[in-house]
1. Rank-order 15-26, 181-192 by packing density, defined as the average count of other C-beta atoms within 10 Å over each peptide's residues, highest first.
2. How many Å³ per residue does the convex hull of the Cα positions in the stretch 3-207 occupy?
3. Once the convex hull of the C-alpha atoms of the stretch 434-510 is built, how many Å³ does it hold per residue, rounded to a whole number?
4. Hey, which of these cross-link pairs are over 29 Å Cα-Cα: 337/456; 296/385; 345/395?
5. May I ask you to evaluate 6.51 cos²θ - 1.76 cosθ + 1.60, the Karplus curve with θ = phi - 60°, for each residue of the stretch 170-186 and list the ³J(HN,Hα) values in order in whole Hz, giving x for glycine and proline?
6. Given points 7 Å out from each Cα along the Cα-Cβ axis, report the residue 159 to residue 116 separation in nanometres with one decimal.
7. If you wrap the stretch 259-510's Cα atoms in a convex hull and average its projection over all directions, what's the area in nm²?
8. Could you size up the charge dipole of the stretch 312-434 around its Cα centre, putting +1 on the beta carbon of Lys and Arg and -1 on that of Asp and Glu, and report it in debye to the nearest 20?
Amino acid sequence: MGVFRFGNAEYSTHFFVGTIFMFLSTLCCISAFASPYWTKRYLDTPKDFQNIGLWELCLYKYRHYKDDLQIPYTGCFWFWTNEMYRFRDWIIPPWFKWVQAFATLGFIFTIATISSLAVAVFSAFRWQWRYQLIWSILSFVIFACELISLCIYGVYSQDRLWMPRPEFNYLSYSYWIEAAALIFALGACTLFAADVQFLREPYDDYIDEKHYHDALPYSPSNGSHLQLTQGRNRFSQYEYRTLKNTILPSRIHILPSSPSTCLESYDSHKLHKSIFYMSMVHFRIPVKLSQFVENKTGFEIGAPSVTTWGNLGVYAAARVVDTTNFASQTFWESGLKDGGSFIWKNQTKGKQYIRDAVDLQGIPNEYYDSVCATDVLEHIANPFKALLEWLRIMKSGGLLLIIVPFKNVTFDRKRDVVRLEHLINDYHNKTSEADLSHLNEILLLHDVKRDLGIEKFEDFKTRSENNYKNRGLHQHVYDQELLYYIYLCLNLNIKIQYTWDYHNLIIGQKQ
């Protein structure tokens, strides 16, 4: 699926073309619904009947045979006017009322669909498969309603009990405009359905994996899932020796008990007793996130995050939110100033710092009630160094809220989730933020089609080679299971985990 860019906005090609089709369908539907030209007389035929639509009839000196007064009617008349009461039952028989009913339903659904699409054009809703599914269903309902109304009218408009001389008339442009609306609605339905399939596929894969993991047997004797099946998780002989017969779930994120390869604060007994299940994760948007930060002091790494902490009420609920970015000018923000103010909805919430995420110098120990970061951890070459620094400034009992991308729906979908052992080694090897050891992997497996910020791959390569200045690379790829064991490694009490749209969220409490 390609990406269409219009100004600063970016759209999937299916969504953009589907929206255009729906807009054209709306124009056609309105024209057909309001215009009185479903049936029209031929020019060389008697003029008493002129044309008729869904709601209006046009006549010229017409006298109806059932009218005792034989009053001539000239002009266009709405069906429900007083002039039409004498022969209203003839004009709108039961089948015609069904045509009106289905055409009206199609019109209502068309207006609802195009209105919601107009909202989606200016929001992130267009990238969520559930909304694409709703639009696809609505478009199909529109198609069905219009098809039924057209079929009924096409068959019964030739009935001589309704139209005494049908051979003098023909189906006019309003009828065919309604047919065009039907075709455009079907096209929109198909395109939105294709987008659903594209956006839904990663979630299906993730849910399948979830069910697979939860179905695996559990052995109380060694505190592990039996995971060496179906060719998964193949290790070198060295790695097998490192396992020492202790296998953790899924991708086997290993925490060797040797102090030389693990964080000193790691509690191996606690980790080996804690088994991760996908059923621990809530697959929905968190609705009460503000309760964790209400009237408390918070610190955000890489602020602001409008679509997450902003929309989820964190900024509004917190008493103070201080923020930091690694530079005054980044891909995402500009004009930042160390010592400035962080303003949310015209209200000063806290201070703005310019600090690297792995070195928050000048910020006091155990000062904040919570620390949060959205889509930051994956950009850091030495994540444990950063996490320990974040915990340093957080009070005992404080909360660490981290969001990382849900890799199945991002440009990282082809890459493997990093092993915990690798992250621990990065910490002990004192890996710097200038590290480019993952560059070849990223250039090889980066899904350019899903990266809306890339126009030319060569530009992406050049930018990536200069990563220390721009920090655009995703150094590592995470999932909920890895986050779970990272938090356990740091002796954090895990409160809750959520996955929705593009996000994996985990919340843990410092002991």
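1. 181-192, 15-26
2. Spelled out: Cα convex hull of the stretch 3-207, divided by residues, is 135 Å³.
3. 124
4. Listed pairs above 29 Å: 337/456.
5. Karplus values, whole Hz, x for Gly and Pro: 8, 5, 9, 5, 4, 5, 6, 5, 5, 5, 5, 4, 4, 5, 5, 5, 5.
6. 3.5
7. 13.2
8. Roughly 280 debye, rounded to the nearest 20.
The values are calculated or read from the model by the stated rules, or taken from the named source; none is laboratory data. What you see is a predicted model; the values in this text were computed from it and never measured. Cβ sites come from the backbone with ideal geometry, for glycine too, and all protein chains shown count toward neighbours. Ligands, DNA and RNA are stripped out before the accessible areas are found, and what is left, the full protein with its side chains, is counted by its heavy atoms. Shrake-Rupley method; radii C 1.70, N 1.55, O 1.52, S 1.80 Å.
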